[in-house]
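Have a look at the structure below before the remarks.
Just so it is clear, none of the values below were taken in a lab; they were calculated from the coordinates. Because the structure is a prediction, the values reported are computed rather than measured. Cβ sites come from the backbone with ideal geometry, for glycine too, and all protein chains shown count toward neighbours.
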Amino acid sequence: MPETIGARGEAEPSPRIEYELQLYYWMKLIRAFEERVSRLHRQNKILGGVYSGAGQEAIVTGICAPLKDGDFVAPLHRDMGVFIMRGVEPSRLMAQLMGKETGLSRGKDSFLHGGDMEHFVFGSTSMLGSSLPVAVGAALKFKMKRDPNIAVAFFGEGASSRGDVHEAMNFAGVHKLPVLFVCENNRYAYSTPLEKQMAIEDVADRAEAYGFKGHVCSGNDLLAVLEVTERVVDKVRAGEGPALIECKTYRYRGHSEHDAALYRDKEELIEWESRDPIPRFEFYLEKKGHDIKRIREQIDEKTNQVVQQAVDYAEQSPLPDPKEALEDLYASPAASVTPSSNSNSNHGAR
Amino acid sequence: MEQTYIKAINIALHEEMRRDENVFIMGEDVADLGGAFKATEGLLAAFGEERVIDTPISEALIVGAGIGAAVLGMRPVVEMQFADFISCAFDQIVNMAATLRYRHGGKAACPLVVRAPSGAGVHGALFHSQNPEAWFTRVPGLKVVAPATVYDAKGLLKSAIRDGNPVVYFEHKRLYRSIKEDLPEGDFTVPIGVAEIRKEGGDLSLITYGGTLGPSLDAARIVEKEDGLAVEVLDLRTLLPLDREAVLATARKTGKVLIVHEDRLTGGIGGEIAALISEHAFEDLDGPVRRVAALDTHVAFSPPLEQTILPDTNRILEAIRGLAAY
């Protein structure tokens, strides 16, 4: 977890105040990281696809903050913030994006396909929505083993059209599994707008068809995401079955950094930028009596430092050795496998 | 005690579930019904519904959920009711499971078994007769096995369950109740990646697996008797990783190789084996590497069509004699 910051100078901050300042720090760190990544991509220091989650930070922050150690999280391809929130070192994340040996996948895959199972963050594939059956399987394990954990699966409204998503939700509903489905509805599947993707208004409506509740919240309002998550996660953890939270949001940048997103109306982008989750939360903190200018300065300094350290670490890290192309394909045979003796060699012959 | 191939699978599942409480079963109709072919019969009664799970008709979910449980240390054995349906789970196997360890930098494992009842000769027609193994044998990160005997059906399934990687286990439906063997009781495994010589010989090598081992051995015995030809029959048992040493050793020994499989000719693993031999054992060859396989069409329903399409003992005999005379 990143060190708590922002409360310095407050007279004995209450746990709630510290928590809120921590949330603010996380959103700021994720934004700073995202912006630096976009810049590094323009500078050709990050190759391959970069899928910015800028504008969607309140969702990953609000969903992940109430989670516990050991909860299984399957982020979608834009959820840089999930990795940061779950405790993955920003430096390793940056090394992953630069294809370095020290990255999560040791240079095997780009961007967010490298997972970190030490933190129970599962790496997605590019087949969007295909992580949902996997998260459901993790939840099945938790239920079978009476573990106190839950699985969380993020997906976009774009992926919600895929069969994997329906198969996963249906099975989770049948078995009342401890899984939270989180739809980040950012209104575009690459270039395809919402109205060409579905005939209904809310993805959350689908939950009812699978026998559990769907909730809708503003994905640009951290407090709204947090409020519904805290309420819902407790129920999921208590064994009341799955839940779906749909967070309405907007993707600031194109589908990837290669995409200028000219298919969108400029006015629409401006409208959504005016609903940015970070100033919105700053306004809240200010209303609560914080010196937001001072806190912002402190936090900007800290996040810049963390991001710079990550960049330095990644840039100094070695590229993988070419021979590693053939490594990490197979786990070595489990020790429990009993070696077969040659004496059985003709048992099979007819 | 004499057992059938399907019973060997059933026994392996019982024993492995008893041995390791992290082994569980998931698939369509596997619990109450005991599976469409009864491979999972008795498991529900023995281990309860938490470990023997009937699923909706959702192949992607079945494999995907298996993957999710496997990365957390479980050892799921999931069933495709027919191997033909594995296409519905293709993405989960090929993109999700096979790349999992690679994209996690070697820091995750997926000990999953996908059982796939495959093969023709049971009047199954287009969608209950397929041999889709070649879709998977070129996918790094997977293992693919195809037992041809009762002993291997048990031993390879146990190895697959204990392996730390995703294994696709092709079991041949025609063998389920058509072959019986004296099956030793208790625990034994058959190693993945090791082929087995079923009949020694010096005149010609016949390389096969799964459903065509039986007809191949029949043909080998006929030519031995009628033509005095000593055919060496190599049963691959594992298709990925291929036992290259065993393939090259028999090719070098006899100098003539016939590859037989029930999968269709074009793109079947026979082509890969032929290439392997021509690359590494060319100097030892006394003739062309030849193949007998299903015709390049779908497995049709009506008996005269199905019989024309599938390889049988007569086609193998003809090919052996042709190659021996070369």
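Determine the shielding of peptide A:139-150 by partner chains: average, over its residues, the number of Cβ atoms on other chains within 10 angstrom of each Cβ. Before the final figure, lay out the partial values.
On the way: counts 4, 11, 11, 3, 1, 8, 7, 0, 1, 0, 1, 0.
Average neighbour count from other chains, rounded to a whole number: 4.
When chain B is treated as a Gaussian network with alpha carbon springs shorter than 10 Å, the biggest mean-square fluctuation among B:Val139, B:Val23, B:Val168 belongs to B:Val139. For chain A, the longest piece that avoids every one of the chymotrypsin sites (Phe, Trp or Tyr not before Pro) found in DSSP loops with at most 14 other C-beta atoms within 10 Å covers A:1-189. The chymotrypsin sites (Phe, Trp or Tyr not before Pro) of segment B:126-204 that DSSP puts in a loop, and whose beta carbon has at most 14 other beta carbons within 10 Å, are B:Phe127. Per-residue mean of foreign Cβ neighbours for A:126-136 is 6 (Cβ atoms of other chains, 10 Å radius). Each of B:Arg252 and A:Arg231 was given a label point 7 Å from its Cα along the Cα-to-Cβ line. The distance between the two points is 7.3 nm.
In loop segments of segment A:120-225 as defined by DSSP, the trypsin sites (Lys or Arg not before Pro) with at most 11 further C-beta atoms inside 10 Å of their C-beta are A:Arg146. Amide H contacts of A:His215 (H built 1.01 Å from N, in plane; Pro and chain starts excluded): A:Leu244, A:Ile245, A:Glu246 sit under 5 Å, all sequence-distant by 5 or more or on other chains. Between helix B:269-280 and chain B there is an angle of about 60 degrees, using the helix long axis and the longest principal axis of the Cα atoms. Taking the 0 to 90 degree range and rounding to the nearest ten, how far is the long axis of helix B:5-19 tilted relative to the main principal axis of chain B, both from C-alpha atoms? The angle comes out at about 40 degrees.
About the Cα centre, and with charges only on the beta carbon of Lys, Arg (+1) and Asp, Glu (-1), how big is the dipole of chain B? Nearest 20 debye, please.
460 debye
Considering only alpha-carbon pairs that sit under 8 angstrom and 6 or more positions apart, the relative contact order computed for chain A is 21 percent. Under 12 Å from a point placed 7 Å out from the Cα of B:Ser87 along the Cα-to-Cβ direction: which residues of segment B:115-145 have their backbone N that close? Counting only backbone N, you get B:126-132. 3J(HN,Hα) couplings calculated from phi for segment B:292-308 with the Karplus curve 6.51 cos²θ - 1.76 cosθ + 1.60 (θ = phi - 60°) are, in sequence order, 10, 8, 5, 5, 6, 8, 7, 7, 6, 7, 4, x, x, 6, 4, 5, 5 Hz; Gly and Pro show x. At an R0 of 35 angstrom, the distance between the Cβ atoms of A:Asn304 and A:Glu324 translates into a FRET efficiency of 0.60.
What range in chain B is the longest one free of GluC sites (Glu not before Pro) that are in a loop by DSSP and have at most 10 other Cβ atoms within 10 angstrom?
Working: sites that count: B:Glu49, B:Glu185.
In short, B:186-326.
Once you keep just the Cα pairs under 8 angstrom separated by 6 or more residues, what percentage relative contact order results for segment B:196-324?
Working: 235 pairs, mean separation 37.1, N = 129.
Across segment B:196-324, relative contact order equals 29 percent.
The distance between label points at A:His215 and B:Arg138 comes to 4.8 nm (points 7 Å beyond Cα on the Cα→Cβ vector). The residues neighbouring B:Phe188, those whose beta-carbon lies less than 11 Å from its own, together hold a net charge of -2 under the Lys/Arg +1, Asp/Glu -1 convention.
Leaving out same-chain residues fewer than 8 places away, which lysines sit with a Cα under 30 Å from that of A:Lys213? Of all the lysines, those that pass the test against A:Lys213 - Cα under 30 Å, at least 8 places apart if same chain - are A:Lys68, A:Lys141, A:Lys143, A:Lys145, A:Lys176, A:Lys196, A:Lys235, A:Lys248.
Between B:Ser302 and B:Lys107, the distance separating the two model label sites (each 7 Å from Cα on the Cα→Cβ line) works out to 6.1 nm.
Total lysine pairs in segment B:2-182 at Cα distances under 25 Å, for residues eight or more apart or on different chains: 20.
Dipole check for the protein assembly as shown: with +1 at the C-beta of Lys and Arg, -1 at the C-beta of Asp and Glu, and the Cα centre as origin, the magnitude is about 320 Debye. Taking Lys and Arg as +1 and Asp and Glu as -1, the other residues whose beta-carbon sits under 15 Å from that of A:Lys145 total +1.
The angle between the Cα long axis of helix A:163-174 and the main principal axis of chain A comes to about 90°, on a 0 to 90 degree scale.
For the residues of B:184-190, the average number of beta carbons from a partner chain within 10 Å of their own beta carbon is 3. The residues neighbouring B:Arg103, those whose beta-carbon lies less than 9 Å from its own, together hold a net charge of 0 under the Lys/Arg +1, Asp/Glu -1 convention. Rounded to the nearest 20 debye, the dipole magnitude of segment A:21-163 is 140 debye, with +1 charges on Lys and Arg beta carbons, -1 on Asp and Glu beta carbons, and the Cα centre as origin.
Mean residue ellipticity at 222 nm, helices only, chain B: -10000 deg cm²/dmol; runs of at least 4 DSSP H residues each add -39,500 (n - 2.57), and the sum is divided by the number of residues. When both segment B:121-193 and segment A:290-335 are represented by their alpha-carbon centers, they are found 43 Å apart.
How large is the helix-only mean residue ellipticity at 222 nm for chain A, computed as the sum of -39500 (n - 2.57) over DSSP H runs with n ≥ 4, divided by its residue count, in deg cm²/dmol to the nearest 500?
-12500 deg cm²/dmol
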